[in-house]
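Report on the following structure.
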Ligand SMILES: Cc1cc2nc3c(=O)[nH]c(=O)nc-3n(C[C@H](O)[C@H](O)[C@H](O)COP(=O)(O)OP(=O)(O)OC[C@H]3O[C@@H](n4cnc5c(N)ncnc54)[C@H](O)[C@@H]3O)c2cc1C
Ligand SMILES: Cc1cc2nc3c(=O)[nH]c(=O)nc-3n(C[C@H](O)[C@H](O)[C@H](O)COP(=O)(O)OP(=O)(O)OC[C@H]3O[C@@H](n4cnc5c(N)ncnc54)[C@H](O)[C@@H]3O)c2cc1C
Ligand SMILES: Cc1cc2nc3c(=O)[nH]c(=O)nc-3n(C[C@H](O)[C@H](O)[C@H](O)COP(=O)(O)O)c2cc1C
Ligand SMILES: Cc1cc2nc3c(=O)[nH]c(=O)nc-3n(C[C@H](O)[C@H](O)[C@H](O)COP(=O)(O)O)c2cc1C
Ligand code: FES
Ligand code: FES
């Protein structure tokens, strides 16, 4: 796998990326109809320091233009992930499609420790996306960005720890996303992924309350605006647009308004053929 | 107009409020089919210190479950508003339905000056809602909440200036809304309105870019969650729920998850009869 | 309420109408063109020519939708509707009663001189109303063929296509018309204004299209830039002098 | 990929199937009950009894929708679908080809003893498949009347109503069945598990319903709490031992 990186460019073969979470740890690689030559990169599900078993069911539901999920970051933790990297499956994915690693944490220290532990493995990944929208125990269930000083310190420490292409995944809650992107840029981060899910509350088909994050079509105009606002202020940062991209037109608008690459998440649940469709339509757009 | 206020309760006749903006300066009072006995309060369009002529067209558009608007706070300013208060029209509204005044500003000083100028008139209004989601020139187009220290100082100054029932209208951008609500509560504010529009970007039917705030049905699960999160932390604050309320069921859910009253904005554009419908269905719910 | 600003053009109606909500039952639908229909309702509503209504489209739109008003010889309400999206399709096809808010905006009172009305098929109801009410000639400017029945029924003068439209304007400016009222697409209104005013005909009145949410002056959404600043189509219009909008 | 955990109950199939995407053309639809239909497609797909597919419902849902698989005597794919919302209505009514991902989950391999299959009408396709494949009796438990044609065509044993269902369970536990497979609503599966296990019949297998988004183990959405921790219905199931879920 060739891995050109120059400044804040990832040089993907197509500017389309599988989102962290919906794509799991490479499971979509088992669907033979996806043309991987059309996929720029595969972002793995967020890995945390310790294994997380995730939330109790119900975990996901969809209606009225949005998906809600409260998976609770179920993931094998660093140790489990290390084992996973040694398995044939993930190796095969990495050898066929560039992979972005996603890392998350509950606390400042967890992010830092995980970054250190991952160091020997980072060269397998074209970029590391830091998910700054995980619920954070220290901040009463809110994410690490709620203490802006601590968050800036974290950005500094991580930047010092690695020379990988690092991307901050930002939500629209907890601060103005363009200000947060400016902070990340000023600390030398290479890119931002905008946006993450927005917190919502839904009553599911069995009348149960689901407190989770919203994704899907309803996010699109919000994510598009966020991309626009970040690009307006930061001409050089690498932007992955995430939120409600379902069609080639959605993807093109994201790029028109400033995205370098476009992330596909919930649309996979409708039909993974969206990757081929969007990939094909964006093939012309080079050097992203 | 009787005006009972006890602590953080407004004692509305029904827990339904016309939202600031969509309701203008009382224009809906001219539609004879609205049963005003079913409406708890009418929030006026946000008034700023100086007259604003608003943004260039296009200003509003609707599709796919949301309305986008970039009215740009068109309003007559303090002087124009004073004249308006002397007009028969607004007096008639005030004499038939409790009115909430909405005030906004571009800067710290504007909010403060406007508050002082309005003092002699505040007794006409059952509450004053401070719109903290206005684009703010000092913060590069972002709202006053983007500098949390300045914003807290503003809350303190306003609280000192008036013993009116004061409500902070908060959006989900610029900070975690429950943290912002906690700040308002800790500074002695009586209530919060959650949420305001979320920034979005839409291409209208004539292929023009509309940068505005999203309202309408798509906001509902987000606003419901915000109400839930604020109530969880602040059992005593008065909460007006705003965002995507279109049906009696929507309104009831808002109340079930913690709202004292429910605000109706964009739904008026579909049909103002929503006021009667929701008003009737909430009539049982007293002492809000 | 903020009082509406004073009307810019002479002879305009200053009558302040009271709004009301009506439930309309369809009486008859006539095809005007392949995608545009003239709908007559059973009900009668008091309105001034030039005013409009906002139609609730149920689940097919988040706002009521604006249509200029007309009436048949007996005073029954008529609107003409071009299908351009989900809301207009609903209006044309539904068997349900339609919930409307009306009459909105200001009526149009033409100058006391010779004038003519030009409308697109989508504004035929309004055109017929003005033509009958003020006894002035009506021209229909269409892109596609008009249905024969409607042409016969109303004895319509019409032209088809852009080329013929320019030709019509050329002809009209040599007639003794001193004012024109134009209602159709933004493009058509702009072209007509510019074309005629270049020939010295300044009194071109246009019925503007801006996105409407409330229709009653509350939301400030329907703003339009005029030579005398921002105006609101639903309150100050929908009829404006063309040269207030385009120079 | 995270490897799927080991199957909990004896005799289960460990065969790891390869997914694929298929476009299915409808061949025949039979009414099972007033709101439930058995759809046979032209195509044949290799799958194990107990596995399911995810059906793309076009504009009528944001996720593909899961249905257990069956096949007719010639091996043509069959699914049974109860209309409960927009997606299932689309599946039943559309004339378009259906895009599916299949076969998903693990097949069910029953213990090598006497057993019986109980399904709701919505899971008839699966029930017919298991019954034929393993040569075990099938009982259909419905709330509403079954269509006579389908009863005759498949020679169905069925009962109608909750009262008769409990009566059926009472009867079955005195037969010589040592295991049961139940597929229907969550409630029905829970009641059956509890009822039979109270009588000492522990080998009750249920095909679980959890909301599915990906169907392939990626999203972790279909989690279910079992006695041995969180499992994922699309990977570890959909068939589980009832007493893993309910005590
Ligand atoms: C493994 C599995 C196998 C199934 N097999 C069958 C079957 O053979 N026959 C059959 O009739 N039904 C089956 N179901 C249920 C079926 O998938 C749902 O009824 C269907 O998805 C409803 O779609 P809708 O758009 O009509 O419903 P909606 O209007 O979207 O929702 C109505 C209800 O359907 C259920 N539902 C909706 N979407 C999903 C989803 N993505 N995943 C799971 N449940 C959902 C929920 O309970 C929801 O409350 C199965 C479910 C699972 C999990
Ligand atoms: C004062 C006024 C009078 C009008 N009179 C007529 C008439 O007599 N006959 C007629 O056929 N059309 C008339 N129109 C245009 C008509 O209102 C739109 O075509 C209609 O609202 C489209 O609805 P839709 O749901 O089918 O379109 P959508 O699919 O929602 O949108 C298609 C296009 O229709 C226009 N439109 C949609 N909603 C609105 C709205 N709320 N306000 C304004 N424009 C909108 C926009 O240009 C949009 O791009 C008038 C417009 C105005 C402002
Ligand atoms: C089921 C699910 C799980 C997710 N898990 C993660 C995650 O682990 N890490 C992360 O950064 N984002 C996660 N997300 C957010 C997505 O990566 C994406 O940013 C979001 O869903 C918006 O994009 P979409 O509308 O294309 O889905 C998850 C989303 C979904 C729907
Ligand atoms: C046209 C329009 C104008 C608005 N103007 C204001 C305003 O001046 N002040 C304010 O606080 N909110 C304003 N809002 C926000 C609404 O009060 C409300 O919070 C928001 O629209 C969400 O509620 P809804 O979905 O019921 O419309 C405006 C909304 C719309 C649609
Ligand atoms: S449409 Fe609301 S002010 Fe004109
Ligand atoms: S449905 Fe996605 S993991 Fe099971």
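The numbers here are math on the coordinates, done by the rules we state, and not lab data. Please read these numbers as outputs of a predicted model, since none were measured by experiment. We place every Cβ from the backbone using ideal geometry, glycine too, and count neighbours over all the protein chains shown.
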log₁₀ I(q)/I(0) of chain C at q = 0.10, 0.16 Å⁻¹, via Debye over equal Cα point scatterers, no solvent, to two decimals? -0.44, -1.20
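Give the relative contact order (percent, whole number) for chain B; include only Cα pairs under 8 Å separated by 6+ residues.
On the way: 623 pairs, mean separation 64.8, N = 288.
For chain B, the relative contact order is 22 percent.
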Rounded to the nearest whole number, the Stokes-Einstein translational diffusion coefficient of segment D:124-164 at 37 °C and 0.692 mPa s (Kirkwood radius, C-alpha pairs) in µm²/s is 304 µm²/s
Using the Kirkwood formula on the Cα atoms of segment D:20-104, what hydrodynamic radius do you get, in angstrom to one decimal? 12.7 Å
Calculate the tail of P(r) for the protein assembly as shown: the fraction of all Cα-Cα distances greater than 54 Å, expressed in %. 27 percent
With the label set 7 Å along Cα→Cβ, residue D:174 is separated from its counterparts in the other copies, in nm and shortest first, by 10.6
Residue of A:121, A:238, A:111 that the Gaussian network model of chain A assigns the largest fluctuation, springs spanning Cα pairs under 10 Å: A:121
Connecting every pair of Cα atoms under 10 Å apart in chain D and solving the GNM, the largest mean-square fluctuation among D:57, D:182, D:233 falls on D:57
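Past the 21 angstrom mark, what percentage of all C-alpha to C-alpha distances in segment B:1-145 do you count? All intermediate terms of the calculation are to be shown ahead of the outcome.
Working: 4848 of 10440 pairs.
More than 21 Å apart: 46 percent of the Cα pairs in segment B:1-145.
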Rounded to whole Å, √(5λ) for the Cα gyration tensor eigenvalues of segment A:25-65, largest first, gives 25, 19, 10
Only helical DSSP H runs with n ≥ 4 go in: add -39500 (n - 2.57) per run for the protein assembly as shown, normalise by residue count and round the 222 nm mean residue ellipticity to 500 deg cm²/dmol. -8000 deg cm²/dmol
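Within 10 Å of each Cβ in B:222-228, how many Cβ atoms from other chains are there, averaged over the peptide? Show your work: numbers first, answer last.
Numbers: counts 9, 2, 6, 10, 4, 1, 5.
Average neighbour count from other chains, rounded to a whole number: 5.
For a quick check: sort A:28, D:154 by the number of other beta carbons within 10 angstrom, fewest at the front. Please report the intermediate quantities before stating the final value.
Working: A:28 24, D:154 19.
If I rank by nearby Cβ atoms, fewest first, I get D:154, A:28.
Fewest first, what order do B:66, A:246 take by the number of other Cβ atoms within 10 Å? If you can, show how the numbers build up before the last one.
On the way: B:66 26, A:246 20.
Least to most surrounded, the residues fall as A:246, B:66.
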Fewest Cβ neighbours within 10 Å first, please rank C:67, C:108 accordingly. C:67, C:108
Kirkwood Rh in Å, taken over segment A:198-288 so that all alpha-carbon pairs contribute: 14.1 Å
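Based on the alpha-carbon set only, what is the convex hull volume of segment D:27-75 divided per residue, in Å³?
Values: hull volume 5.3 nm³, N = 49.
So the per-residue Cα hull volume is 108 Å³.
Please compute, for peptide B:194-203, the average count of beta-carbon atoms on other protein chains lying within 10 Å of each residue's beta-carbon. Numbers along the way, then the final one.
Numbers: counts 0, 0, 0, 0, 8, 10, 9, 12, 5, 5.
What the average comes to for B:194-203 is 5.
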Can you give me the relative contact order of segment A:69-204 as a percent, contacts being Cα pairs under 8 Å and 6 or more apart? 20 percent
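Pairs of Cα atoms under 8 Å, at least six residues apart: use those to get the relative contact order of chain C, whole percent.
Numbers: 536 pairs, mean separation 48.6, N = 247.
Once normalised by length, the contact order is 20 percent.
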One would report the Cα pair-distance distribution of segment A:16-282, bin width 5 Å, in %, as 1, 6, 14, 18, 21, 19, 13, 7, 1, 0
Specify the residue with the greatest mean-square fluctuation among B:250, B:64, B:106, computed from a Gaussian network of chain B linking alpha-carbon atoms under 10 Å apart. B:64
One decimal, nm, shortest first: give the distances between the label point of residue D:149 and those of the same position in the other copies, each label point 7 Å from Cα along Cα→Cβ. 4.0
For the protein assembly as shown, give the share of DSSP beta bridges that are antiparallel, in percent and rounded to the nearest 5; count only bridges with both residues there. 55 percent
